[in-house]
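Worksheet: the structure to be examined is printed underneath.
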Amino acid sequence: KPESKRFVQSVKYLVMDEVDRLLDGKKTRGKTSKYYKKHEKPAATLASTIAKMTLGQVQIVAASATVGRPLRRELARVLGLTPDECPQVIRSAIDMDSTKRAITVPKTLKHYAIPCDGSTSGSLLTAAAFVAKNLPPIENRGRRILFVVSDACGIQLRDAIGALRHFGVKPEPKSLLDVLEAEGTDNLIETYRQISGSSGIGEAASSLVSFDDSEGYLLLTGEQSVRGIHLDELDTVVIVGRPKGPDEYTHIAGRAGRAGKFGTVLNIVDYQQASALTSWESMLDISFEPMEASEVQDIL
């Protein structure tokens, strides 16, 4: 349509947040242009069209905490550049000392691996419920906990919430997305601000207004919907099952320990997964401290 064409030609800036989800950087090698024409992702089609119709004059910012060489090559392909013209990676001043990854897991986080039987998804969830019930409060206030159910668990979020309620976990477990949409989609942004403690874009409120400070909160979400979520003052992340890979762990763990604050990440995994976690230590520049479920009451 003429209107759409004029709009695309007038675009000056294109921001692609969580670009590693929007593009398919892992399929770059060994694939032909015929493959891409048949399976191109919508974001790739849009970015390519804008780049062509603006004659390369558009400024494109692609953001993510996990940016690797395959993704940069894929972005170059989408924009019609050669592999040698991969877009430059720009880091914040805080991350300039890092030589391994563009963005790293916050150094203020402590990471624990809590192995359990894990022969079934139910046993993982049972261990997670025990851990949640025995976590001590922080400085005379309730913990603010984000439960992340990994894809590997194969557990529906509603089933996980039901199980935690059955075990009597307090505060009452709630779905993060349900809480955000509690007032309807028209009020989604305002509700999100209340939950996150943000009184406006770029502004952090002093406390969470939607929860009792003495009780804290326990919100659940899945591995696929955790990116980009900011919960002000979040201090604990509980991951049920091993995430898909180091990149996903970076996004999940990074919900806590933000802006220099301290936080805790508890990984509820089976014994085989606990051993596999150690293979990520050098890539993430962190250490997973082994811990028995009965010892969580000693966590500060």
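Here is how the numbers come out for the structure above:
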{"quantity": "Filter result for residue 133 (of a type outside the set (A, V, I, L, M) and either within 20 Å of the chain's Cα centre (by Cα) or buried (at least 19 other Cβ atoms within 10 Å of the Cβ) (or both))", "calculated": "no"}
{"quantity": "Which numbered condition residue 172 fails, given (1) modelled with pLDDT of 90 or more; (2) in a loop (DSSP other than H, G, I, E, B); (3) surrounded by 13 or more Cβ atoms within 10 Å (Cβ to Cβ)", "calculated": "(3)"}
{"quantity": "The one condition in (1) under 17 Å from the mean Cα position of the chain (by Cα); (2) on the phi < 0 side of the Ramachandran plot; (3) modelled with pLDDT under 90 that residue 265 fails to fulfil", "calculated": "(3)"}
{"quantity": "Condition check for residue 102: open to solvent by 30 Å² or more (accessible area, probe 1.4 Å) and at pLDDT below 90", "calculated": "no"}
{"quantity": "Residue match in region 85-92 (condition: of a type in the set (Val, Ile, Thr), under 30 Å from residue 256 (Cα atoms) and either at pLDDT 85 or above or surrounded by 15 or more Cβ atoms within 10 Å (Cβ to Cβ) (or both))", "calculated": "no"}
{"quantity": "Among residues of region 131-141, those that are touching a strand residue (DSSP E or B) at 6+ places or on another chain (Cβ under 9 Å) and either farther than 17 Å from residue 165 by Cβ or part of a helix (DSSP H, G or I) (or both), counted", "calculated": "3"}
{"quantity": "Residue match in region 186-209 (condition: of a type in the set (D, E, K, R), outside any loop (DSSP other than H, G, I, E, B) and modelled with pLDDT of 55 or more)", "calculated": "yes"}
{"quantity": "Top-ranked residue in region 119-130 [being modelled with pLDDT of 90 or more and under 22 Å from the mean Cα position of the chain (by Cα); ranked as farthest from residue 169 (Cα to Cα)]", "calculated": "124"}
{"quantity": "Scan of region 282-297 for residues that are open to solvent by 30 Å² or more (accessible area, probe 1.4 Å) and either under 17 Å from residue 249 (Cβ atoms) or touching a residue at least 12 places away in the same chain (Cβ under 8 Å) (or both), ordered by number", "calculated": "282, 283, 285, 287, 289, 290, 292, 294, 297"}
{"quantity": "Helices (runs of 4 or more DSSP H) lying entirely in region 2-67 (those with 1 or more residues that are at pLDDT 80 or above and under 14 Å from residue 80 (Cβ atoms))", "calculated": "42-53"}
{"quantity": "Condition met for residue 263 (buried (at least 19 other Cβ atoms within 10 Å of the Cβ) and in contact with a Ser or Thr (Cβ under 6 Å, 6 or more places away or on another chain))", "calculated": "no"}
{"quantity": "Contacts under 8 angstrom Cβ, first residue in region 56-69 being closer than 17 Å to residue 22 by Cβ and free of Cβ contacts under 8 Å to residues at least 40 places away in the same chain, partner assigned to a strand (DSSP E or B) and open to solvent by less than 50 Å² (accessible area, probe 1.4 Å), 6 or more apart", "calculated": "none"}
{"quantity": "Pairs, first open to solvent by less than 10 Å² (accessible area, probe 1.4 Å) in region 235-257, second acidic (Asp, Glu) and part of a helix (DSSP H, G or I), C-beta under 9 Å, six or more apart", "calculated": "239/223; 241/151; 241/223; 243/151; 243/223; 251/223; 252/223"}
{"quantity": "Members of region 266-280 found to be open to solvent by 10 Å² or more (accessible area, probe 1.4 Å) and either more than 26 Å from residue 231 (Cβ to Cβ) or in contact with a Leu (Cβ under 7 Å, 6 or more places away or on another chain) (or both), listed by number", "calculated": "270, 271, 272, 274, 275, 276, 278, 279"}
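The values are calculated or read from the model by the stated rules, or taken from the named source; none is laboratory data. Since this is a predicted model, take the numbers as computed values, not measurements. Cβ: placed from backbone, ideal geometry, glycine included. Neighbour counts: every protein chain shown. When the accessible area is computed, the model is the full protein with side chains, heavy atoms only, and any ligands, DNA or RNA have been set aside. Shrake-Rupley method; radii C 1.70, N 1.55, O 1.52, S 1.80 Å.
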